[in-house]
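A short reminder: the numbers here are calculations on the coordinates, not readings from a lab. What you see is a predicted model, and the numbers here were worked out from it, not measured in a lab. So basically every Cβ, Gly included, is an ideal-geometry build from the backbone, and we count neighbours across all protein chains shown.
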Amino acid sequence: MKNHVFRPLFAVIGIIVLVLAARIFYVPKDFGIHERGYMYGWYRQANIEDWKKVQVKYQGTEYCKDCHDKNYASIKKSPHQNVQCENCHGPAGTAEGIVHFDSDKRPKLTIDKSRQQCLRCHFPLPYPSSGRSKIKGIDPDKHNPDIECSMCHNPHHPNLEGLR
Amino acid sequence: MVHGEIWTIKELFVTPNEYIYWSVQIVMYPFMTGLVAGAFVLSSLYHVFGIKELKDIARFALVFSFALLFVAPMPIMLHLQFPFRGINVMMTSHFTSAIAAFGIVFFTYGAIVASELWFLYRKHFVVKANALRDVQDKTMLQWMEYLMYTGLTLGAFDISEESLHRDEKAIKVLAGIGIPVACFLHGYAGFIFGSVKANALWMTPLMPVIFIMSAIVSGIALCMITYIVVMEYRKFMIKRARKRWEVSLEEVKGAELHVVTMTAKYLVFFLIFAISLELLDLIFRGYTAVKSWDMLRTIIYERDFYDIFIMQYGIGNLIPLILFLSPGLTIRRAVLGVLLVLFGVFMMRWNVVIGGQAFSLTFAGFMHYHLPIIPHDWETFKEGLGGALTIFIMPFVLFYFIAKVFPVFSTKESH
Amino acid sequence: MITRRDFLKKSVMIAGVAVPLTAFEIIDPEKLFAQVAAEKTKVRWVFLIDTYKCVGCGFCVKGCKNENEIPYDANVTRTWVERYVLTKDGRLFADTPKGARDGFTTTKIDLGLGKYQDIKKDNIEKAYFVPKLCNQCENPPCVQVCPVGATYQAPDGVVLVDRTWCIGCGYCIMACPYGVRFFHPVHHTAEKCNFCYHRITKGMKTACIEACAFGARKIGNIKDPNDPVTKIIRTERVGVLKSEFGTKPQAFYIGLDEEVR
């Protein structure tokens, strides 16, 4: 009499085989152990390229200077020389591409002229060991509370005493 | 709102990305897998150690364990942001992660339970298949039943004494192997938490053991309550309509006290073990007082005091211990004790999962979890009270259907 | 006189004990891969943050959100800035309102639940800003716990997430001791700072470095001895966050105070 006891085992093995077969179709071919070993390097290789292909948005100040040479020269002589153009003007590119320059429409970038924008640095915080305490600031409730800062202070040469 | 934001209230210094990401479904998951493991261990106490008084409840326990097995992955499915990608855990398992063990351990455990059930019920399937084969004009339902039972026999129609004896030996082997696998099943669930070094409350090597012990407690408790309820219900129904059932009135006794008392002894043993480990962990933490202790002390003894000491230890552990250890145990007292124990085990999972997310990584801020009661979208349902209750009733629903194929009442055709 | 049998037994025992543990290391595939990888890749990205220079303007956070398409209004961010104020009476107040997305424009510390604490200038002992981002750890615990291999470490040290494979279990988020991970509100996969991988691999700087007008953030290649960042890390006094976890974080801080969390 054949031993029926192993039948469930065969059923289980059958299921395992099915799962392994499904794996061949489901798992991408480049999925495996890569440079950092099994613990840290178990992944789908092509994903690295996927991340490299993400659209770059911020172009940096040097990108702006050829067209906007006057403002560039001005800000570079001012205390705002290290503030990036795109900090206030927003990124030159979006997820769709470098729309500001490459597209035929050359859409304007929206400038953040709010008081909140300037207060990021110019709200005075008396923190002695931090670079923040060295930045001149104003009390926003007392210093011309209803108007934009740029009405009086040109961000590209903010000192009212004139250019340095 | 980002995931977790709607049910998280932050206080004081919490970093921007911290929310209670592991909510009620992650509490339900170890609770359900604990019931699976516990029910199986109870069943094995009969099959392996031959404790005769547990024969009736052992059958219950095994079938219930099988029903619970299908329910255990459900909380995960409801929690995952991509439930259909859940299969990735089996396809590209990263075994350095405790969660990856899920695929293998669960499958192994499921295979063992299913196989053991097969051996237990093979004779019943053969008898049913043969009886249906002889029926001349089968209805649609009968055809389907015939195919089902024939399939379930896996072609092994021999029900001679020798063959059945082989079945019994196989059951014993499987039950024996199954105990360490059941321990592993829930041990790894504890390891999921215990190995997270980033979480000051979770990280302890005791976590897997605490989880296993309280899992066994919950499994035994669930089987006891199910056994009592089903047996009493059966007695009630038979009294109302004697003819429909196969058993005579003499065999119907309702829930038997000696079964309940015996099982309660094991429950108390594992409960004391679980409590001891948890108290050891607490005492140890207080004594060594490492950097995280200031914050954990605030959580355990102040903010979560009610949940931990009143709900879990008080109502969920101490009162049941008094109920079970007092002389003259009655079925009614056992029912109350068992329900409180189940509540206590649930609170333990809650206090670990939610408690571990009650404080910020900064140790200078808190997060409060409020369970979504009234859902207003799919997310607040699946990760709220609605989802938790759905998971909780599922085993009973599944047990009802599974018990139609694997009957737990008639004692004649199974071992 | 020793018998041949005894002699053989003893020799085998001694030989077995004498096999140096380094032999096991050679056959350990993981270490082998790491050694080979270490030799192959010429780049290992590291970050340098100067907490003296950070003024808490939050332009880095805003820039990061734009560059990496994290919705501006979502209360998650790949990088953020924390403010620490220590008072003369020995208390610590710290906050990070919306991750410093809008900068710090009030002296009132955000305590949550709508409460604020204003601290008088004369009560301040020391106060500073601490930018934070993913440390791209050498032993990333988040990668260790991913059950499916959706997050991993690239050969140049950056830890990335495969959005097509992540199942959204959140284990990596729980495993990170630094709290840098979160669920992306649109993609619903795990997300975190990746050093603007799409920029640094093109020779550009990260968006946060680009946005910082004060030079508080820098990125470099620790394998290049001529890299200015490498020189600072190797010769000046720098610290890392939570080194007790054994993660070997690769973001270094100048002026890291003991109170920083």
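Among B:118-130, B:81-93, the peptide with the highest mean count of other Cβ atoms within 10 Å heads the list, and the full ranking is B:118-130, B:81-93.
Its convex hull of Cα atoms gives region B:301-415 a direction-averaged projected area, equal to a quarter of the hull surface, of 11.8 nm². Each residue of region C:112-126 was assigned a 3J(HN,Hα) from its phi angle through the Karplus expression (A = 6.51, B = -1.76, C = 1.60, θ = phi - 60°), giving x, 6, x, 9, 9, 10, 8, 10, 6, 4, 6, 8, 8, 7, 8 Hz with x at Gly and Pro. When the pairs B:Lys382/C:Lys98; A:Lys57/B:Lys10; A:Lys57/C:Lys218; B:Lys197/B:Lys265 are compared against a 25 Å limit on Cα-Cα distance, B:Lys382/C:Lys98; A:Lys57/B:Lys10; B:Lys197/B:Lys265 fall above it. Between the exposed loop cleavage positions of chain A, defined as GluC sites (Glu not before Pro) in a non-H, G, I, E, B DSSP state with at most 13 neighbouring beta-carbon atoms within 10 angstrom, the longest gap is A:1-95.
As a size descriptor, the averaged projected area of the C-alpha convex hull of chain B was calculated at 23.4 nm². If I take every Cα pair under 8 Å that is 6 or more residues apart in chain B, average their sequence separation and divide by the length, what percent do I get for the relative contact order? This gives 29 percent for chain B. Using a Gaussian network model of chain B in which every pair of alpha carbons under 10 angstrom is joined by a spring, one finds that among B:Thr380, B:Thr362, B:Thr226 the greatest mean-square fluctuation is at B:Thr362. Here the Kirkwood formula puts the hydrodynamic radius of region A:47-109 at 12.9 Å, using every distinct Cα pair. Counted by neighbouring Cβ atoms within 10 Å, the residues B:Met237, B:Met207 run from fewest to most as B:Met237, B:Met207.
Ranked by the mean number of other Cβ atoms within 10 Å of their residues, highest first, the peptides B:312-322, B:15-25, B:152-162 come out as B:15-25, B:312-322, B:152-162. Listed by chain and number, the lysines whose alpha-carbon sits under 16 Å from that of A:Lys77, ignoring those within fewer than 8 places in the same chain, are A:Lys65. Each listed q (0.22 Å⁻¹) maps to a log10 I(q)/I(0) for region C:34-175, found by the Debye formula over equal Cα scatterers with no solvent: -1.34. Shielding by partners for peptide B:361-368, expressed as the average number of C-beta atoms from other protein chains within 10 Å of each residue's C-beta, is 4.
Per the Debye formula on identical point scatterers at the alpha carbon atoms of region C:53-110, with no solvent, log10 I(q)/I(0) at q = 0.12, 0.14, 0.22, 0.24 Å⁻¹ is -0.31, -0.40, -0.82, -0.92.
The simple Förster model, with R0 at 60 Å and r as the Cβ-Cβ distance, assigns C:Gln117 and C:Lys42 a FRET efficiency of 0.75.
With K and R counted +1 and D and E -1, the other residues having a Cβ less than 15 Å from that of B:Ile300 yield a net charge of -3. The value of relative contact order for chain C, using C-alpha pairs under 8 Å at least six residues apart, is 25 percent. One way to sum up the overall shape of region A:1-148 is the equivalent ellipsoid from its Cα gyration tensor, whose semi-axes run 60, 23, 15 Å, largest first.
Using a 10 Å cut-off around each Cβ, can you sort A:Phe123, C:Phe129 from fewest to most neighbouring Cβ atoms? Don't skip to the end; give the middle numbers.
On the way: A:Phe123 22, C:Phe129 26.
Listing A:Phe123, C:Phe129 from fewest to most nearby Cβ atoms yields A:Phe123, C:Phe129.
Among residues other than A:Leu125 with Cβ under 9 Å from its Cβ, the summed charge is +2 (Lys and Arg +1, Asp and Glu -1). Dividing the summed -39500 (n - 2.57) terms of all DSSP H runs of n ≥ 4 by the residue count of chain C sets its mean residue ellipticity at 222 nm at -7000 deg cm²/dmol. Backbone geometry of region B:10-20 corresponds, through the Karplus equation with coefficients 6.51, -1.76 and 1.60 at θ = phi - 60°, to 3J(HN,Hα) couplings of 8, 9, 6, 8, 10, 6, x, 8, 7, 9, 7 Hz, x marking Gly and Pro.
Among rounded, prolate and oblate, which fits region C:93-240 when a ≥ b ≥ c are the square roots of the eigenvalues of its C-alpha gyration tensor, a/c under 1.5 means rounded, and a/b larger than b/c means prolate? Oblate. Please find the FRET efficiency linking C:Lys248 to B:Val229, where r is the Cβ-Cβ separation and R0 is fixed at 35 Å, and quote it to the nearest 0.05. Efficiency, rounded to the nearest 0.05: 0.05.
To make sure I understand, if each residue's beta carbon is the centre and we count other beta carbons within 10 Å, what order do A:Asp141, C:Asp6 fall in, fewest to most? It would help to have the intermediate numbers written out before the result.
Working: A:Asp141 6, C:Asp6 10.
Ranked by crowding around the Cβ, least crowded first: A:Asp141, C:Asp6.
Relative to its residue count, the protein assembly as shown spans a Cα convex hull of 258 Å³ per residue. With each label modelled as a point 7 angstrom along the Cα→C-beta vector, the A:Val17-A:Ala73 pair spans 8.1 nm. Size descriptors for region C:157-261: radius of gyration and Dmax over Cα atoms are 15.6, 43 Å. Taking label points 7 Å from Cα along the Cα-to-Cβ direction, C:Met204 and A:Lys134 give a separation of 2.9 nm.
Projecting label points 7 angstrom from Cα along Cα→Cβ for A:Gln81 and B:Val397 puts them 7.1 nm apart.
Shielding by partners for C:211-217, please: the mean number of other protein chain Cβ atoms within 10 Å of each residue's Cβ. Before the final figure, lay out the partial values.
On the way: counts 7, 4, 7, 7, 2, 1, 0.
Other-chain Cβ atoms within 10 Å of each residue's Cβ, averaged: 4.
Restricting attention to region B:247-333, which GluC sites (Glu not before Pro) occupy a DSSP loop and are surrounded by at most 16 other Cβ atoms within 10 Å? All intermediate terms of the calculation are to be shown ahead of the outcome.
Working: sites: B:Glu250, B:Glu251, B:Glu256, B:Glu278, B:Glu302; in loops: B:Glu256.
For GluC sites (Glu not before Pro) across region B:247-333 that sit outside H, G, I, E and B with at most 16 neighbouring Cβ atoms in 10 Å, the list reads B:Glu256.
Over chain B, with a Gaussian network built from C-alpha contacts below 10 Å, which listed residue (B:Gly337, B:Gly194, B:Gly254) shows the highest mean-square fluctuation? Maximum among the listed residues: B:Gly254. Largest GNM mean-square fluctuation across C:Arg234, C:Arg91, C:Arg78, computed for chain C with C-alpha springs under 10 Å, falls on C:Arg91.
Summing Lys, Arg as +1 and Asp, Glu as -1, what charge do residues with Cβ under 14 Å from the Cβ of B:Gly386 carry, B:Gly386 excluded?
Once positives and negatives cancel, what remains is -2.
Take each residue in B:185-196, count the other chain C-beta atoms within 10 Å of its C-beta, and the mean is 1. Classify region B:1-135 from the C-alpha gyration tensor, please: rounded if a/c falls under 1.5, else prolate or oblate depending on whether a/b exceeds b/c. It is prolate, given that a/c is not under 1.5 and a/b is the larger ratio.
Dividing the convex hull volume of the alpha-carbon atoms in region C:141-191 by its residue count gives 75 Å³ per residue. Between amide H atoms placed 1.01 Å from N, distances below 5 Å from A:Phe31 occur with A:Gln45, all of them 5 or more places distant or on a separate chain. Between B:His258 and B:Phe309, residue separation times 0.36 nm minus the direct Cα-Cα distance comes to 15.1 nm.
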